[in-house]
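Please treat every number below as a calculation from the coordinates, not as lab data. Quick caveat, the model's predicted, so the values are computed rather than measured. For neighbour counting, all protein chains shown are included, and Cβ atoms are generated from backbone atoms with ideal geometry for every residue, glycine included.
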Amino acid sequence: MKSSTFLSIFVGGYLVIFFGYLFGPLILMSITAFNSSQFPRVAPWDCFTFEWFGELAADDKLLDGLGNSFIIAGGVVVISVMIGLAGALMLTQVWPRARPWYYTIVISPILVPGVVLGISTLLFWDRLGVMVDASYDSVFYNGTFLTVLGQSTFISAYCMLVFISRLQRFDPALEEAALDLGATHVQTFRKIMLPFLYPAIGSAAVLAFLASFENYNTTVFTIVAESTLTTVLANQVRYGINPSISALAVIIVALTIVGAIAHEAMRRREELKVRRGELTDTSSAFGNFMQGWLSGNPAMILLMLVFVAGLGTVWFSSQYSAGQCKLDLREQKELLQQRQGPDIFLPGSDAGSDTPALEDGATDGGLDNNSGFGGVFDPNNLEQAPTDADTPSDGEGAGAESPGSSTFGDVFAPDNLNEEPQ
Amino acid sequence: MNVFKNFFDKHGLIVGGYLIFAVSFWILILILLPQLNMLDFSFRFNLPPSKVGGPEDVYTASNYTFLMGRYNHEDVWVWNSTDLTVFYRTILAAVFVTFFDLLLCYPIAYFLAQVARGGFARLLVLSLVVPFWVNEILRAFAFRILFGDVGVINATLKSMGIIDDSIDFIREDIALYAGLGYAYILLMIFPIYNAIESLDKNQIEAARDLGSPWWRIHWRVVIPFAKPGITSGCTMVFMLSAGALAAPQILGGPSSLWFTQLIYQWFNTGGNWPRGSAYAIILLASCIIFVLLMMRLFKVKLGEIGR
């Protein structure tokens with residue numbers, strides 16, 4: 001069938017494009033975390049390095065925000081799971097005429113822009129604070145408290161949806177039977193309803209944690225004077241980017257993948273257990289486990305691959321030193337510059353500081369020359385350039401002549417932005 | 001009171017009390033009162049704390065009309081063209097992002113629901129979820145690396161000799177659209193997937209047996225059936241991308257603002273909270289109106305979505 005092969009090629013191509021779009025950005029970002037260049041990039045590869053992870057670990061602001069994020073996420077998990085559970089249980093209790101209204105109101109926070117939720121929470125507690133004449137370090141102006149409430153507004157709705165889908169499979173006869181047999185309401189709730197909902201509580205809690213952890217739109221308004229991981233990150237990304245953010249992304253992506261795979265494996269094992277339990281009760285626990293582990297589950301195989309890759313990385317990093325590579329790279333660069341001959345903006349011997357960051361270069365230039373324009377107007381610049389250009393082979397001498405003409409430090413050195421050797 | 005008595009009889013005091021307390025806390029303290037308070041706040045002048053509650057603290061619609069324009073000191077009406085442009089561009093761009101996501105996601109949702117089987121389908125779902133849980137900021141950051149001036153795409157195009165100078169994807173807002181579309185893929189796929197999954201395969205088989213080409217099967221059988229799912233996916237993507245803040249802040253071009261950024265500015269650098277809340281309400285209201293209009297246009301009832 002010709003048309004079917006055509007179709008399958010089409011579908012395959014589409015899948016490749018789709019998942020390329022889905023994973024390409026994340027993979028490229030992860031790669032940049034291991035490049036020693038100051039700007040996160042893949043194309044001109046400098047040196048393989050782990051230094052950005054070290055820089056990440058030394059970033060106090062980020063760690064501070066991370067701590068706050070954890071505290072907030074903890075609070076949100078507790079509040080949202082409780083509210084979401086109550087909201088789902090109430091859905092069947094509200095009398096039918098009011099049910100659509102109830103549902104619309106509690107589901108609306110999902111659709112309302114996070115910005116609006118953040119603002120309304122901030123304003124509401126601000127006004128309450130004014131009403132009771134609270135001081136500025138009271139709870140009404142506390143960023144953590146406001147953020148927990150602001151995020152819970154819509155995360156509770158997520159949790160509620162999780163509970164609703166679980167409750168749809170609940171058999172109300174169980175509850176009635178317990179009550180008939182003399183259990184109290186609290187007992188019924190604790191012994192029948194809650195155990196039935198345990199899996200849903202688990203997934204609602206995970207969902208709430210993740211949603212809280214990655215939230216920005218609401219948090220940026222309610223956090224007031226404090227900071228969370230996302231607000232710190234947003235500030236860093238907006239005012240200049242460097243690969244330590246990529247390093248953080250690598251960690252988060254890795255954790256997400258491992259978490260997702262572990263979740264999938266767990267679900268699969270549970271399903272297998274159910275299926276096997278129906279067929280035979282005799283298979284040994286170990287056999288069960290091994291079969292669950294390796295029964296052609298792609299997720300499990302992927303997890304193994306991730307594990308092996310992790311081990312490989314650890315081994316590699318113990319064998320390899322980034323410092324040596326950087327030294328080599330610097331030598332190469334110097335050599336290249338000497339061969340090309342000096343450019344007005346390309347001091348040969350000043351490159352010793354190993355691809356300085358833009359700002360560093362700029363301040364250096366400003367300090368070296370007290371005039372605002374550095375040495376741009378130095379007459380020697382113009383005199384030297386043509387003569388040296390005629391003698392490109394005279395590398396060393398030219399390199400020694402030109403350091404004074406380092407007008408803006410390395411700012412305009414083409415190497416800063418584009419390392420591709422010409 | 002009878003209602004409450006029945007309720008507590010049915011659930012007992014502790015469980016019933018917990019249900020009532022949690023739900024009313026949610027609805028009143030977290031949802032309704034803050035929104036109403038914001039509405040009230042948006043109709044007030046921006047006064048220093050000492051004057052709040054004084055004789056000058058009266059209601060005004062000026063925060064809303066400010067978006068349209070105002071009378072200058074010579075009493076001539078001046079349209080607020082900057083803000084209006086931002087507003088209309090935001091809505092337009094959100095529509096575009098929604099449409100892009102729909103085109104991209106419908107085939108994959110169909111594939112997942114009707115074609116893919118077993119472990120492969122699971123792996124696909126898993127790989128859809130992973131990018132969604134990576135931080136919003138980091139996703140935007142990834143697109144900045146990709147589309148930046150010396151980013152991967154520019155470098156690739158240059159080395160292949162297709163272009164000589166870097167294309168400024170950020171100024172052209174291409175990076176922003178790609179980043180926003182990326183962020184909400186999952187929210188588009190899952191409603192459509194849910195809808196298509198419940199479609200009986202026999203209907204497709206029947207259409208095929210009767211000689212319908214594949215595109216007509218989709219047009220006449222699958223899409224009408226999946227319309228509620230498509231609507232709820234589009235609604236979510238539209239609302240969220242119109243209300244996005246992080247991606248426009250990071251990926252937006254220097255000359256193009258997103259409406260949420262205006263709100264953010266009124267709250268931070270602008271220091272005019274009432275006007276900021278008026279703008280927030282305008283955003284919320286116009287998004288809702290737009291969604292309702294679209295639903296009227298495509299003949300979808302409100303009750304059908306959100307299932």
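Here are a few things to note about the model shown:
- Euclidean distance between Cα centres, segment B:92-106 to segment A:187-257, Å: 26 Å
- Average partner coverage of B:105-117, which counts Cβ from other chains inside 10 Å: 1
- Each label was represented as a point 7 Å from its Cα along the Cα-to-Cβ direction; for residue A:224 and residue B:99 these points are 4.5 nm apart.
- Each peptide among B:288-294, B:174-180, B:239-245 gets the average number of other Cβ atoms lying within 10 Å of its residues, and from highest to lowest they stand as B:239-245, B:174-180, B:288-294.
- Surface/4 of the Cα convex hull for segment A:43-118, nm²: 9.3 nm²
- Among B:140, B:155, B:183: highest mean-square fluctuation, GNM of chain B, C-alpha pairs under 10 Å: B:155
- Counts of other chain beta carbons within 10 angstrom of each beta carbon in peptide A:204-217 average 3.
- Computed from the Kirkwood radius of its Cα pairs, the Stokes-Einstein diffusion coefficient for segment A:58-241 at 4 °C and 1.567 mPa s stands at 71 µm²/s.
- The calculated 222 nm mean residue ellipticity attributable to helices in chain B amounts to -20500 deg cm²/dmol, summing -39500 (n - 2.57) over DSSP H runs of n ≥ 4 and dividing by all residues.
- Summing Cβ point charges (Lys, Arg +1; Asp, Glu -1) relative to the Cα centre of segment A:103-248 gives a dipole of roughly 280 debye.
- Sequence of A:153, B:85, A:231, A:218 once ranked by neighbouring C-beta atoms within 10 Å, starting from the fewest: B:85, A:231, A:153, A:218
- Ranked A:8, B:286, A:30, criterion: other C-beta atoms within 10 Å, fewest first: A:8, B:286, A:30
- Among the DSSP helices (H) of chain B, those spanning at least 15 angstrom by Cα along their long axis with an average Kyte-Doolittle hydropathy of 1.0 or more are B:13-24, B:81-110, B:118-133, B:136-147, B:185-197, B:223-242, B:273-297; this is a geometric and hydropathy rule only.
- Chain B: most fluctuating residue of B:89, B:171, B:220 per GNM, C-alpha cutoff 10 Å: B:220
- Legend: mean number of C-beta atoms from other chains within 10 angstrom of residue C-beta atoms, peptide B:17-23, equals 6.
- Among A:220, B:78, the ranking by other beta carbons within 10 Å of each residue's beta carbon, starting with the fewest, stands as B:78, A:220.
- The equivalent ellipsoid of segment B:153-275 has semi-axes of 40, 25, 9 Å, largest first, where each one is the square root of 5 times an eigenvalue of the Cα gyration tensor.
- Placing +1 on the Cβ of every Lys and Arg and -1 on the Cβ of every Asp and Glu, with nothing else charged, gives chain B a dipole about its Cα centre of roughly 980 debye.
- Debye-sum result for segment B:81-304 in log10 I(q)/I(0), which assumes one identical scatterer on each alpha carbon, at q = 0.08, 0.15 Å⁻¹: -0.37, -1.08
- Pairs with C-alpha atoms separated by more than 20 Å, drawn from the list A:191/B:10; A:333/B:158; B:227/B:299, are A:333/B:158.
- Contact order, relative form, for chain B: 23 percent (alpha carbon pairs under 8 Å, 6 or more residues apart, mean separation divided by residue count).
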